[in-house]
Structures are given as structure tokens and as C-alpha cells.
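S.K.: Could you have a look at this structure, given as C-alpha cells, before my questions?
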Amino acid sequence: MRNLTLKKYKKILRGKTIILGVGNIMKGDDGAGPILISQLKGKTKANLIYCEDVPENYTQPIIEARPDKIIIVDAADWNGPAGAIRLIGPKEINNISFSTHDSSLQIFINYLKKHLPKVDIIIIGIQPKRKGFQDLLSPEVEKSVNELSHILKKV
């Protein structure tokens, strides 16, 4: 599902929204989430959090903000084509590789749901091509990050 439509995002982003960019910018395509947050800074009404690979460090500010929706953007390997964008349900997390933060992402989501039981948590995964140390974003993932940024700026 490469091209998520503007209409779908408008529906996803209704209400008070926090977007989390998760990943390690020093590991190639794993930095897709934080790079997206950098591109969105000052260009969207959503609260943005540049989490890197430790989203659990931001639980308190998230809980205090009392959002309606939390969107987690991260590189996610489901063996799809490089750069593919996919909405991932919280129950699918165990079947998809999220690099250095697999188990902590599930724990993080469970903790947030415990403290914010009505919050909607949406995960937007971008299929990585390369995750080597000091790699740059692959052209496929860079294109997807730019497309996602463009869409989210319009919402």
C-alpha cells in the first residue's frame, strides 16, 4: 500500500494528534521516522516528537498532552518492496521487525493504552531497504518520506 490517500489521512488525523518519529538516523532507512518529523516541523498542527529509537522516554509528555490520536512513524520490515508505506495495527507488531526497538514498541503502546484508554494508536510503517550503520536513506525510502511529509502537511 504505497500511496495512502489524503482522504485517509484526514480521517486518521481528526482530533488532537501527536506524531512520533521513531528510528535511528545513523542506520540508513531506520531513520525514516525522525527525518519525517524534521520535515514536518512548523508545517502541521499535530504535535511532533522526534523520538529516535527510544519512544518510551516520551511517555510522560504524551500522557500529559491527552491526545485523541498517536501516530507512530517507523521503518518496519515486513518483506515488502523498499519504500512501501503501510498502516500497521498494534496487534501486528509481533509479526513485523522494527529494528532495535521491537519489544519496547509493544510495551510502549501497552503502557500508553493503560494511561490513555481511549487514544487511537496508528503505526505507519515504511519498508526499509538498508539499515547499515552510517548509511543514508535509500532513494525508495527517501521518496516515501517526502510523499508522506507532503500529505501530512496538507492535512
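Read the figures in this text as sums done on the coordinates, not as results from a lab. The structure displayed is predicted, hence computed values, not measured ones. With ideal geometry, Cβ positions are generated from the backbone for all residues, glycine too; neighbour counts draw on all protein chains shown.
S.K.: Among the listed pairs LYS16/LYS113; LYS43/LYS118; LYS16/LYS41; LYS27/LYS91, give every one whose C-alpha distance is greater than 24 Å. Provide the component values of the computation, followed by the final result.
M.R.: On the way: LYS16/LYS113 16 Å; LYS43/LYS118 27 Å; LYS16/LYS41 16 Å; LYS27/LYS91 26 Å.
Beyond 24 Å between Cα atoms: LYS43/LYS118; LYS27/LYS91.
S.K.: How much length, in nm to one decimal, is gained on full extension between PHE133 and SER38, taken as 0.36 nm per residue of separation minus their Cα-Cα distance? Spell out each step's value before the answer.
M.R.: Numbers: separation 95, 0.36 × 95 = 34.20 nm, distance 2.02 nm.
Once the chain is fully extended between PHE133 and SER38, it gains 32.2 nm.
S.K.: Oh, and also: Per residue, what volume in Å³ does the convex hull of the Cα atoms of segment 6-154 enclose?
M.R.: With only Cα atoms used, segment 6-154 gives 97 Å³ per residue.
S.K.: Under 15 Å Cα to Cα from LYS45, which aspartates and glutamates show up? Leave out anything in the same chain fewer than 8 places away.
M.R.: Those aspartates and glutamates meeting the cut-off are ASP68.
S.K.: How much FRET efficiency would the formula 1/(1 + (r/R0)^6) give for GLN60 and LYS153, where r is the Cβ-Cβ distance and R0 is 35 Å, rounded to 0.05?
M.R.: Values: r = 28 Å, r/R0 = 0.80.
Taking R0 as 35 Å, the efficiency between GLN60 and LYS153 is 0.80.
S.K.: For LYS16, list long-range residues whose amide hydrogen, built 1.01 Å from N in the peptide plane, is under 5 Å from its own amide hydrogen.
M.R.: ASP68, LYS69
S.K.: So what's the net charge close to GLY31: Lys and Arg +1, Asp and Glu -1, counting the other residues with Cβ under 13 Å from its Cβ?
M.R.: On the way: positive: LYS27, LYS129, ARG130, LYS131; negative: ASP29, ASP30, GLU52, ASP53, ASP74, ASP135, GLU142.
My count for the surroundings of GLY31 gives -3.
S.K.: While we're on this one: Remind me, relative contact order of segment 6-154 in percent, using alpha carbon pairs under 8 angstrom and six or more residues apart?
M.R.: On the way: 305 pairs, mean separation 49.3, N = 149.
33 percent.
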